[in-house]
Amino acid sequence: MKKVLKTFLLAFMALSAVCLTGCEKENDGNDGNGNGNGNGNDPQTVQLAGTSWVGKYNDKYQGYPAKLTWSLDFADETSGEFFFELVVAGQEQTNQSIAFTYTFDGREGTMNAGEMGTSIFTYDPATNTITMNLMVEVSNDGSTLGGVTTFYLRGQEPTDDDDPITDTIDDDVTPGEITDQFPADTRWSASQNTVYHTEELGDLPMTLDYILTFNNDHIATINVTATVLGQTSDPQTVRFNWTFDDATNTGTLTTKGVPMSFSYNPDNNTIVTEFSFDPNGSGTVGGTTVFNRLEDKALIVRL
């Protein structure tokens, strides 16, 4: 039994067939903070206290490039501080420090910054990143900057580039033009019940959980976890370029040159796509996947 589950946890996301390919991140025994004492499946091994993270977001303000940089420090098990920097058209704006309290269960947490609001954040052990929705409100005109922001451990963030359009993120997926076009800065969830085939135990019930995120630079990610016999794998993440046609409410997710179409239904606020893969060489799982919109609250900083 243990051997079967270990094989499942390591191999289920081979992503080797149907519409996309990817490579699996091996479990190195790291707890997500560089301490090397996690097993990848026990969320209680992830400790945020004493860690520092950096998140960057590229946007536009009145037609000028705007770069938001967030420094996120978890002082202890319940409190921390943001340090926010904004550069518009090469000009530094007023920096701000924001204190917060938080709760965290190993995968998901809630951050409370008082009058600036609360926000849900998620930790992905597969990529060792934190994701949350952060907005800045410009007081003199009511406009907003920011959106879904990915945080990396300080010192491990991707190389900064003054031209985000030519900065390759991963797997030949390159950011595109900054946009506020739908579905930029939205997150979606889906769940499927299927079976996982093993030689020893035959077909086992398997639950697949998905999170689909559209960033404002035409990058999207699909994050997948699978649960078999009460054992949940670490999330596996695939990055895509995305395009969308408002006239037809259809779009394309493309990775490694392989396109995958999707459609948006404004009547029930869902996205539908065909997301399939071969877990272990014995047949595909997935298929038609219906994503429902996640209404994330955002921390709102006012300048």
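The values are calculated or read from the model by the stated rules, or taken from the named source; none is laboratory data. The model shown is predicted, which means the values in this text are computed figures rather than measured ones. Every residue, glycine among them, receives a Cβ derived from its backbone with ideal geometry; neighbour counts consider all protein chains shown. Just the protein is used for accessible areas: all its heavy atoms, side chains included, with ligands, DNA and RNA removed. Shrake-Rupley method; radii C 1.70, N 1.55, O 1.52, S 1.80 Å.
Quick look at the values:
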read-out	value
Flag for GLU81 being open to solvent by 30 Å² or more (accessible area, probe 1.4 Å), modelled with pLDDT of 50 or more and not in a helix (DSSP H, G or I)	yes
Single residue of segment 60-73 satisfying the filter (out of contact with any Asp or Glu (no Cβ under 9 Å at 6 or more places or on another chain) and either surrounded by 13 or more Cβ atoms within 10 Å (Cβ to Cβ) or touching a residue at least 24 places away in the same chain (Cβ under 8 Å) (or both)) that is farthest from THR144 (Cα to Cα)	TYR64
Test: residue in segment 237-248 that is modelled with pLDDT under 85 and among the aliphatic types (A, V, I, L, M)	yes
Subset of segment 261-288 (residues that are part of a strand (DSSP E or B), modelled with pLDDT of 90 or more and open to solvent by less than 70 Å² (accessible area, probe 1.4 Å))	PHE262, SER263, TYR264, ASN265, THR270, ILE271, VAL272, THR273
Filter pass, SER97 being assigned to a strand (DSSP E or B), surrounded by fewer than 14 Cβ atoms within 10 Å (Cβ to Cβ) and either at positive phi or of a type outside the set (D, E, K, R) (or both)	yes
Unmet requirement for ALA89, which otherwise passes all of (1) more than 16 Å from TRP53 (Cβ to Cβ); (2) without any contact (Cβ under 8 Å) to a residue 24 or more places away in the chain	(2)
Number of the exception - ILE178 against (1) more than 30 Å from THR103 (Cβ to Cβ); (2) open to solvent by 50 Å² or more (accessible area, probe 1.4 Å); (3) at pLDDT 85 or above	(2)
Output for segment 174-203, where each listed residue is touching a helix residue (DSSP H, G or I) at 6+ places or on another chain (Cβ under 6 Å) and among the β-branched types (Val, Ile, Thr)	THR198
Search result, residues across segment 110-141 that are free of Cβ contacts under 8 Å to residues at least 24 places away in the same chain and farther than 22 Å from ILE222 by Cβ	THR110, ASN112, GLY114, GLU115, ASN140, ASP141
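For (1) assigned to a loop (DSSP other than H, G, I, E, B); (2) among the aromatic types (Phe, Trp, Tyr); (3) touching a strand residue (DSSP E or B) at 6+ places or on another chain (Cβ under 9 Å); (4) open to solvent by 40 Å² or more (accessible area, probe 1.4 Å), each residue gets a yes or a no:
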{"position": "PRO205", "(1), (2), (3), (4)": "no, no, yes, yes"}
{"position": "LEU208", "(1), (2), (3), (4)": "no, no, yes, no"}
{"position": "ASP217", "(1), (2), (3), (4)": "yes, no, yes, no"}
{"position": "THR221", "(1), (2), (3), (4)": "no, no, yes, no"}
{"position": "ARG239", "(1), (2), (3), (4)": "no, no, yes, yes"}
{"position": "TRP242", "(1), (2), (3), (4)": "no, yes, yes, no"}
{"position": "THR252", "(1), (2), (3), (4)": "no, no, yes, yes"}
